[in-house]
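The values are calculated or read from the model by the stated rules, or taken from the named source; none is laboratory data. This structure is a prediction, so every number in the text was calculated from the model and none was measured. FYI the Cβ positions are ideal-geometry reconstructions off the backbone, even for glycines, and counts take in every protein chain you see. We work out accessible area using only protein heavy atoms, side chains counted, and drop any ligands, DNA or RNA first. Shrake-Rupley method; radii C 1.70, N 1.55, O 1.52, S 1.80 Å.
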Amino acid sequence: DKPAIIAFHTPILFSGDVFKKADAMRFRHIVSKANILAVLNGHLHFPLFTMVDGVPYVQAGSPVYENSYNERGRLSYDSSSFNALMYDDGRLFTRIVSFSEETQLIERTLE
């Protein structure tokens with residue numbers, strides 16, 4: 001009955017090349033029925049916050065570099081970020097903190 005937080009390195013819902021879609025959908029169903037405060041992950045090197053079935057999914061940025069994706073591929077920049085999570089009165093708050101000066105492109109992976 002107590003609220004829980006689930007943490008993964010690789011995002012289960014947003015990395016179609018790692019988890020089978022059926023497994024990800026089963027996980028989503030289980031989480032939506034449980035008392036889950038949030039699902040946390042990293043791996044992709046860009047911050048993201050989204051709600052799925054009423055559950056917050058929080059993806060951390062990276063202290064080293066961040067990726068940006070478009071239809072042609074990935075761009076990596078020398079910027080950094082992290083997520084600050086705060087729990088208060090049964091609610092979880094997340095704040096994305098980015099810090100960089102004169103961000104520069106360091107890698108380009110285009111299809």
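Values as computed for the structure displayed
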read-out	value
Anchor K21: aspartates and glutamates whose Cα lies under 13 Å away (excluding residues fewer than 8 positions away in-chain)	none
Lysines whose Cα lies under 19 Å from that of K2, excluding same-chain neighbours fewer than 8 positions away	K33
Environment charge at S80 (Cβ cut-off 14 Å; Lys +1, Arg +1, Asp -1, Glu -1)	-4
With DNA, RNA and ligands ignored, accessible area of M25 (1.4 Å probe; Å², nearest 10)	80 Å²
Rounded accessible area of L37 (nearest 10 Å², 1.4 Å probe)	30 Å²
For the chain, calculated [θ]222 nm from helices alone, where every DSSP H run of n ≥ 4 adds -39500 (n - 2.57)	-3500 deg cm²/dmol
Segment D88-E71, extension gain: residue separation times 0.36 nm, minus the distance between their alpha carbons	2.2 nm
Inverse mean reciprocal Cα-Cα distance (Kirkwood Rh) of the chain, Å	15.3 Å
Dipole in debye (nearest 20) - the chain, about Cα centre, beta carbon charges: Lys, Arg +1; Asp, Glu -1	520 debye
Accessible solvent surface per residue of the chain, calculated while the other protein chains remain in place, 1.4 angstrom probe, Å²	68 Å²
Solvent-accessible surface (1.4 angstrom probe) belonging to I30, in square angstrom, nearest 10	90 Å²
Residue order for E66, E107 - accessible surface, 1.4 angstrom probe, largest first	E107, E66
Degrees between helix 21-33 axis and first principal axis of the chain (Cα, 0 to 90, nearest 10)	50 degrees
Accessible-area composition of region 34-74, carbon plus sulfur, in percent [1.4 Å probe]	56 percent
Contact order normalised by residue count of region 1-104, Cα under 8 Å, 6+ apart, percent	19 percent
